[in-house]
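The values are calculated or read from the model by the stated rules, or taken from the named source; none is laboratory data. Quick caveat, the model's predicted, so the values are computed rather than measured. FYI the Cβ positions are ideal-geometry reconstructions off the backbone, even for glycines, and counts take in every protein chain you see.
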Amino acid sequence: MKLFNKYHLSIGSNIGDRLKNLQQAIDLIHLEVAIIFSISNVYETKSVGFKGDNFFNACISFFSNEDPSNVMRNLLSIEKKIGRNRIDGNKNISRVIDLDIVLIENKIIENDIITIPHPLMHKRSFVLHPLMDIDPNVIHPVLNKNISELIKLNSNNESINATKEILNNPKSKFNISDYKYIAIEGNIGAGKTSLSNQISLDFNSKLILERFADNPFLPKFYKEPERYAFTLEMSFLAERYQQITDDLSQLNLFNDSIISDYDIFKSLIFSKITLSEDEFLLYRKLFFSMYRDILKPDLYIYLNQNVERLKENIKKRGRDYEQSIDENYLNSINTGYLDFLKTQKELNIKIIDINDLDFVNNRLDYLSVLNSICS
């Protein structure tokens, strides 16, 4: 899985309806690049280096795992859609929209597409003051100074005034924050972890990921399921109990929202498939004695996907021990989940069909999933 980086962008306009231009840019970034994490106040500044109307400026931030050069290409495309054509290169002229990546965490990049950090950001009040609004502690990776220190050192002191204008964040239409604890479930390879990671970043939620990679019985189970089924399920029972109690005990449920890529009841679903009847009855008794008082999610999301797509996803992620998973086993898991969900009267359940979606690689598909969650 690619690592997510936090981007800081400066946006500006001094032609036409300046606020509308900034808002259009934000809306297009939301649709085509990433969920906007934060938006600064809007500032009015005089043109720097040329004669022109005053600018409206702001800064925004978002998380992305895309290559920075690709992100910049997308931003240039958005500029063009709004009406800007960079035919004059870096020449200082009036512009309907200006989108510049100024920082990407601690990265230092220089190529034909972008230079990060932006070489002039530390000299520009119309960049530093909006950045101070949204991320005052971010460090310039070359100068090794935070934003407040850069403002003090900025000798240009060009005129900058905070306005009362407000830019709207398109993510506000998603009511993710209304749920304190969301569990995302699905079959092997459905994309639970990828979706949980993305939502936790976009909506600033605490992330709980299932610990399974180090389970020594999992590869053995896929080779000899009958021999290792009970041992595997008991190890998962103990591990999930330890993890969920540890993680939930550290959270302030009044202030924190939680996204998890599993729900504890998956233990019952999988064990019913893998264990004999006598073993399952014993397992079920242990399960309810352990999990009797565990907090339940107030939104349970099930990602429904057919076996053919699941096998494609499993092959792509390349875990050796998963490549031999039988289709019948995946079918049984799908059936087990759906049978389980039919019996749950207390859980708030949303089943999302993702057979025709690729929310990992397709931006609009990801937004479609969010719309389904929040509808």
The condition from (1) among the aliphatic types (A, V, I, L, M); (2) in contact with a helix residue (DSSP H, G or I) (Cβ under 9 Å, 6 or more places away or on another chain); (3) within 18 Å of His8 (Cβ to Cβ) that Val96 misses is numbered (3)
Counting only residues that are under 16 Å from Val142 (Cβ atoms), without any contact (Cβ under 8 Å) to a residue 60 or more places away in the chain and not hydrophobic (A, V, I, L, M, F, W, C), the range 67-110 contains a total of 2
The correct count of residues that are surrounded by fewer than 16 Cβ atoms within 10 Å (Cβ to Cβ), part of a loop (DSSP other than H, G, I, E, B), out of contact with any helix residue (DSSP H, G or I) (no Cβ under 8 Å at 6 or more places or on another chain) and not hydrophobic (A, V, I, L, M, F, W, C) in the range 106-122 is 3
Listed by first then second residue, the pairs whose first member lies in the range 123-143 and is without any contact (Cβ under 8 Å) to a residue 60 or more places away in the chain and buried (at least 22 other Cβ atoms within 10 Å of the Cβ), whose partner is of a type in the set (A, V, I, L, M, F, W, C) and outside any loop (DSSP other than H, G, I, E, B), with beta carbons under 7 Å and at least 6 positions apart or on separate chains, are Leu128/Ile147; Leu128/Leu150; Leu128/Ile151
Checked the range 317-357 for anything among the charged types (D, E, K, R) and either in a loop (DSSP other than H, G, I, E, B) or under 11 Å from Asn306 (Cα atoms) (or both); matches are Arg319, Asp326, Glu327, Lys345, Glu346, Asp353, Asp356
How many residues of the range 292-306 are within 23 Å of Leu237 (Cβ to Cβ) and modelled with pLDDT under 95? The answer is 6
Restrict the check to the range 334-353 and report whether at least one residue is closer than 18 Å to Phe270 by Cβ and among the acidic types (Asp, Glu). yes
The one condition Ile147 fails out of (1) touching a residue at least 24 places away in the same chain (Cβ under 8 Å); (2) buried (at least 17 other Cβ atoms within 10 Å of the Cβ); (3) within 20 Å of His8 (Cα to Cα) is (1)
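Residue by residue, here is whether (1) without any contact (Cβ under 8 Å) to a residue 40 or more places away in the chain; (2) more than 30 Å from Asn175 (Cβ to Cβ); (3) of a type in the set (Ser, Thr, Tyr) holds:
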residue	(1), (2), (3)
Asp214	yes, yes, no
Pro225	no, yes, no
Phe230	no, yes, no
Gln243	yes, no, no
Ile259	no, no, no
Asp263	no, no, no
Leu268	no, no, no
Leu282	yes, yes, no
Leu299	no, no, no
Counting only residues in the range 48-61 that are surrounded by 17 or more Cβ atoms within 10 Å (Cβ to Cβ) and touching an Asp or Glu at 6+ places or on another chain (Cβ under 8 Å), the one farthest from His8 (Cα to Cα) is identified as Phe55
Picking from Ser276, Ser289, Ser324, Ser267, the residue that is in the same structural domain as Asp178 (by TED's automatic domain parsing), under 20 Å from Ala183 (Cα atoms) and small (Gly, Ala, Ser) would be Ser267
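This table checks each residue for (1) surrounded by fewer than 16 Cβ atoms within 10 Å (Cβ to Cβ); (2) modelled with pLDDT of 85 or more.
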position	(1), (2)
Pro216	yes, no
Glu224	yes, yes
Leu232	no, yes
Phe236	no, yes
Asn255	yes, no
Leu275	no, yes
